[in-house]
Every structure is written in C-alpha cells, then in structure tokens.
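Taking it in order: structure first as structure tokens, then the write-up.
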Amino acid sequence: MSVVTPENTSVQPDRPKLMRREAGRQGLLFIAVSGIIGSGWLLSPMFAAQDAGPASLISWVLGGIAVGILALSMAELSTMFPLAGGIARHPHFAFGGFAGWLVGWLAWLGFVTTTPVEVLAALQYATNYIPWLTHQSGGQIVLTGPGYVVAAGLMVLFAAVNILGVRWLLRTTVITGWWKLIIPLVASVMIIAFGHHGHNLTSYGGFAPYGVKGILLAVAGGGIIFAYTGFEQAAVMAGETKNPSRNVPIAVIGSVGIVAVIYVLLQLALLLGVGPAALRHGWAGLTTSGFGAYGPFASIATTLGLSWVAVLLYIDAFVSPAGCGLVYVATTARTSYAMGRNLGLAGSSVSWVSKEGVPVFSIILAAGLGLLFLLPFPSWQVLVSFITSSLVMMYGLMPPACAALRRQLPKTERPYRVPGGDVFLFLGFLVANLIIFWTGWNTNWKLLIAIGIGLALLVPSLWRQQAQASLELRHGWWLLPYLVGLGILSYLGTFGGGKGYIPFGWDFLVVIAFSVVIWLLALASRLPAERVEQIVQETGWDV
C-alpha cells in the first residue's frame with residue numbers, strides 16, 4: 001500500500017484557487033487563544049460556582065484535562081492531513097461521506113451559533129456605557145432595535161475582515177489575542193490580592209457543598225467546557241499555516257494549557273471576591289443580581305476599590321467576545337467549505353475560493369445565518385449548553401477517526417502522534433461521551449433534533465447539486481446507534497432533566513460500557529485502506 005502524501009497523489013483536485021499558507025506559529029496560536037477566550041470567562045465562573053461552590057476550582061482543572069485529551073487526536077489528524085476545515089474531512093477519510101457530513105454538521109452548528117452568542121455577550125456588557133443597546137424582556141436581557149443594528153454591523157465587520165484575507169484576520173487576532181490574555185490575568189491577580197473573603201472557601205456548605213455531582217455538573221452545564229472550546233480553530237485552519245507539523249500541535253495543545261491557568265485564577269478571584277450579600281442564599285443562589293446586571297468581575301473590582309480594573313474589564317468584556325466572534329466566522333466558513341469538498345461540490349459556491357485565498361460565499365453565509373441567532377432566544381447559559389454538546393460530540397468523533405486511520409494508513413507520515421497507542425484515543429472518546437451525558441437530557445434532545453435536521457438536509461442537497469458523492473453508509477452506520485444510545489442514556493440518567501432510572505455512580509459504568517461497544521463497532525466499520533487512498537486523492541490537499 002502506498003503512502004499518501006502530496007507528492008504521490010495522482011489525482012489533482014479541480015480547484016481554481018487554493019487557500020494561502022500565511023499563518024505562522026504565533027498567528028495560529030493566537031487564532032486558538034482568541035477562539036477560546038470569549039464570553040466564557042465573563043460568566044462561566046459564576047455559573048460554575050452555582051453548581052459546585054469552591055470546588056468549581058476542581059471543575060476547571062478537570063475541564064482543562066478533558067479538553068486537553070480531546071485536543072490530542074485533533075493535533076495528530078491535523079498534522080497528518082493539514083486541510084482547511086479538516087475537522088469535517090478527517091472522519092470522511094476514515095468512515096466515508098455520511099460520517100464526514102455528520103461531523104461537519106456538528107461542528108458547523110457549534111460554530112455558527114457561537115458567533116452571535118459572543119456578539120450578544122459583548123453588547124450586554126457594553127450596555128454599561130451605552131444603555132440603549134439592550135433591555136430586560138421576560139427576565140432576560142435582549143437586544144433593542146438599535147442594538148440589533150449594532151450587532152448586525154459587527155457581523156458584517158467580521159465577514160469583511162475575513163473576506164480581505166487570512167493576513168488581515170491574523171493581524172487582528174494577534175492584537176486582540178494579547179489583550180485577551182493580559183486583561184483577565186491582571187484582573188484575577190488584583191482581585192485575589194485585594195479580596196478579603198478567604199472564609200468563602202470553607203463557609204456556605206464547605207468546599208464542595210454539592211458533592212461530586214456538582215463538580216461534574218459545573219464541567220458540562222456550568223459553561224466550563226464552553227469556555228475551553230475554540231482550540232479547534234487552529235485545526236480548522238491547518239491548511240493555511242506555513243509549517244503545520246510544528247504549528248498545529250503547539251497551537252492546539254498550547255492554547256488549552258495557557259488558558260487553563262488563567263481560568264483557574266479567575267475562578268479563585270471570584271470565590272475570594274464575592275461578598276456576603278451575594279451569598280446570603282448560598283452558592284446555588286449566586287446570581288447576577290448580586291453583582292449588578294452585567295457580570296461579576298467588574299462589580300467585585302469596584303467593591304474592592306479597583307476602579308481602574310473595572311474599567312479595563314468593561315472594555316475587555318467587549319473585546320474578548322468580539323475577537324472570538326471574528327475567529328468563529330472564519331472557521332464556520334471553512335467548515336462549510338470542507339463539507340462542500342467532501343460531497344464533491346468543489347465547483348459550488350460554498351467551496352469557491354477568491355483570489356485572496358478565502359471561501360467568500362461560505363463567509364457571507366456564516367455571517368448571515370449568525371444574524372438569525374441574534375433575535376431573542378433563551379438565556380446565554382441555555383445556548384451555551386447546546387453549543388457545548390454539539391462541539392464536544394464533534395471532538396469525541398475525532399479519536400475513532402484517528403484510530404481508524406492508523407489502521408488504514410499506517411505508513412503515512414504523522415509529524416505528531418498521540419502517545420499510548422489507542423489508550424488516549426479511547427479515553428478522549430469516553431471523556432466526550434461523559435461530558436455530553438452530564439450536560440443532560442434537556443439539552444441533548446434539542447441537539448438530536450438539530451442533528452436530524454442536518455441528516456434530512458443531506459439527501460436533497462446532493463440531489464440538487466447532482467454531486468457524485470458516496471455516503472458510504474455501511475461504514476458510517478455505527479453513528480446511528482451511537483446517537484440513539486446517547487439520547488437514551490441522557491433520558492435515563494440523573495442530569496439535566498433525566499428520569500433518574502440510572503443512579504448516579506452507576507451511570508459512569510454504563511457510559512463506559514456503551515463507549516467500548518461503539519468504539520469497537522466504529523473500528524470494525526472503517527473504510528478499506530484502498531478506498532481511503534482514493535478519497536484522499538479525489539478530495540485533494542489544500543496545499
């Protein structure tokens with residue numbers, strides 16, 4: 001069997017223009033950092049404290065470890081095949097068109113809804129100094145008419161920066177990235193230094209007032225995993241970096257490690273800075289009303305006499321979500337681009353690349369659909385739970401693809417390789433399934449409906465475009481029992497509206513057993529090696 005490399009790929013793809021490789025190591029790292037640091041750090045520490053109390057510090061560490069494990073397989077795949085929108089294409093190589101579409105749809109759902117969430121968060125905080133941007137409606141903060149116009153303008157601006165080319169995106173991201181690292185770090189250190197409520201760590205029910213379940217609930221439903229999402233942006237743009245074998249692992253894994261330190265410090269700052277008035281009903285009763293309507297950290301800083309820190313936080317509360325939204329427009333576009341390439345739609349509008357090396361129509365589509373999510377929707381936390389489940393499921397389907405490709409293309413060069421054979425790969429799959437399970441039935445049933453819509457769109461789309469693409473259903477069929485099984489487990493579990501038929505504690509064993517069965521089914525169903533080589537040659541390399 002031949003080794004699949006750009007040099008021996010005999011069939012060159014039909015593509016008039018290619019993505020440009022302009023992202024260096026620093027640029028790609030800040031793409032990932034900017035993708036991670038958005039609105040999550042502004043609100044997630046408060047929601048995590050509600051779920052776990054001071055033990056939320058453990059939740060952030062567990063979340064960082066979990067995301068780090070998930071990042072490993074993505075780093076291997078992205079250096080093996082450094083493709084634009086690769087997260088939608090690697091499962092396609094391993095399990096065929098059906099798997100590629102499903103994983104791409106999961107990624108696209110998470111990406112396209114993240115940008116408007118970040119814009120909403122930015123304008124919510126900006127209301128402190130521009131009061132006409134938002135108002136209260138039904139107990140929720142929603143955009144006013146003029147606020148929606150401003151939000152739409154931001155979406156148009158994000159699209160314009162992306163259309164100008166990767167170089168403009170990188171310049172903007174590096175500048176905002178440094179700011180987004182420095183301000184949360186300074187704020188957390190100052191609040192920790194001047195906070196005078198060390199007893200908070202043991203009062204109000206002790207260090208872990210809600211036990212192990214509260215710690216796990218904070219990981220999945222408290223916004224912690226959402227706050228860590230974004231590292232995959234470097235993998236999505238692997239086809240646009242100069243040295244992917246070096247730059248992608250550094251960006252994917254390094255960004256998680258850097259941000260994890262900042263998040264733990266921020267959580268500690270909140271725990272030490274909260275005053276008695278906000279905790280009169282315990283940690284579970286901690287709400288934004290205890291801080292003011294627009295978030296905890298600026299209010300805590302003001303209470304501690306750190307007005308200059310509060311000013312920086314109000315500015316950053318706009319910059320961080322806006323910078324994150326800018327990156328997500330880029331990666332949403334590249335995901336739809338990759339989905340089009342998977343289905344043989346290289347000549348279609350979603351896969352058309354401009355002379356600047358960017359998929360223009362896909363960028364416009366991403367920004368336009370994002371506008372729909374700026375309309376009044378449920379609370380930030382509800383949308384965040386949906387996004388978390390969608391992206392984590394996408395992350396979790398990378399390890400089986402990685403393990404399958406190791407068997408299908410054992411001789412293909414892998415500049416980075418996940419250590420430990422299949423052990424860490426399976427662990428990544430298991431971690432993803434646990435996080436989805438902990439998110440709960442109230443969120444997961446919505447995700448399953450959204451997945452069903454994506455599958456319903458698949459066949460008509462192929463029919464309209466008359467694409468010559470094979471879905472390879474007999475190699476991707478294992479995804480159906482996987483989805484149904486996760487839904488049943490969520491319904492029977494004790495998290496997020498589950499019926500409680502599977503007791504807490506035993507549910508760990510059930511999810512582990514389920515993950516083992518699906519893992520074995522996936523590897524047994526993988527494409528033959530010869531077919532993998534053919535797909536790689538047909539879809540081509542964006543190099």
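The values are calculated or read from the model by the stated rules, or taken from the named source; none is laboratory data. As the structure is a prediction and not an experimental result, all values here were calculated from the model. The area values use the complete protein model at the heavy-atom level, side chains included, leaving out ligands, DNA and RNA. Shrake-Rupley method; radii C 1.70, N 1.55, O 1.52, S 1.80 Å.
At a glance:
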read-out	value
Calculated from backbone phi, Karplus (6.51, -1.76, 1.60) coupling profile of region 307-314 in Hz, x at Gly/Pro	4, 5, 5, 4, 4, 4, 5, 5
Surface accessible to a 1.4 Å probe, per residue, for the residues of region 40-131, Å²	13 Å²
Prolate/oblate/rounded call for region 45-131, Cα gyration tensor, a/c under 1.5 rounded	oblate
Residues whose placed amide H lies under 5 Å from that of T412, excluding near-sequence neighbours	V4
Euclidean distance of C-alpha centroids, region 478-504 and region 73-137, integer Å	25 Å
